[in-house]
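**Q** Handing you this structure, nothing more for now.
The values are calculated or read from the model by the stated rules, or taken from the named source; none is laboratory data. Note that the coordinates shown come from a computational prediction; the quantities given were computed from them, not determined experimentally. Note that we place each Cβ from the backbone using ideal geometry, even for glycine, and neighbour counts take in every protein chain shown.
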Amino acid sequence: MALKFKKRETTPDPRLNDVLVSKMINKIMERGKKTTAQRIVYQAFEQIKKETKQEPLKVFERALSQVAPKVEVRPQRVGGATYQVPREVKEKRSISLAMRWIIQASKAKKGKPMREKLASELILASKGEGEAVKKKINMHKMAQANKAFAYLAK
């Protein structure tokens, strides 16, 4: 008998009243320092507004939609062999992956404060460029290359 747990709803962030921004803040947060994570995100949004002269929330949402993958490959054992099986990605997971990849790409850059790295990665991602978008493209290529094993997906 499996226990069923209720999914917690993420509360919208206080400044922009947006759930996605709140999730981004929670993903950036390290060691429970939420105010630091909020400062990073909000300052990154200020920078986006300064650089692009566009609404930062729109740039953020466009970046997420550009980076969010449609398919991914998951390993599956059949007999003695492990195959990379392409599968569709659910909406929630694809947004979560997009956020994770944007943050990883931002952290990988060196020599600038996190707010600037995050702002530049979000701007690049909204244009369909940057490391996070490359990661999505690579994921789709892997899925395309392993399309022969799609019949194994359950």
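**Q** In region 53-65, which residue that is within 21 Å of LYS136 (Cβ to Cβ) and of a type outside the set (A, V, I, L, M, F, W, C) is surrounded by the most Cβ atoms within 10 Å (Cβ to Cβ)?
**A** In this case the residue turns out to be ARG62.
**Q** Condition first: touching a Pro at 6+ places or on another chain (Cβ under 9 Å), closer than 27 Å to MET29 by Cβ and modelled with pLDDT under 95. Can you find one or more residues in region 125-134 that meet it?
**A** The answer is no; no qualifying residue exists.
**Q** Just the residues that are among the polar types (S, T, N, Q) and either surrounded by 16 or more Cβ atoms within 10 Å (Cβ to Cβ) or under 18 Å from the mean Cα position of the chain (by Cα) (or both), please, taken from region 133-145.
**A** Hit for region 133-145 is ASN138, nothing else.
**Q** Quick check on this structure: which one of ARG31, ARG39, ARG77, ARG15 is among the basic types (Lys, Arg), surrounded by fewer than 14 Cβ atoms within 10 Å (Cβ to Cβ), farther than 22 Å from VAL133 by Cβ and touching a residue at least 12 places away in the same chain (Cβ under 8 Å)?
**A** ARG15
**Q** Here's a follow-up. Report yes if ALA148 is assigned to a helix (DSSP H, G or I) and either of a type in the set (Phe, Trp, Tyr) or buried (at least 20 other Cβ atoms within 10 Å of the Cβ) (or both), otherwise no. Before you say what the answer is, go through the steps one by one.
**A** Numbers: assigned to a helix (DSSP H, G or I): yes; either of a type in the set (Phe, Trp, Tyr) or buried (at least 20 other Cβ atoms within 10 Å of the Cβ) (or both): no.
Taking the combined requirement at face value, the residue does not satisfy it.
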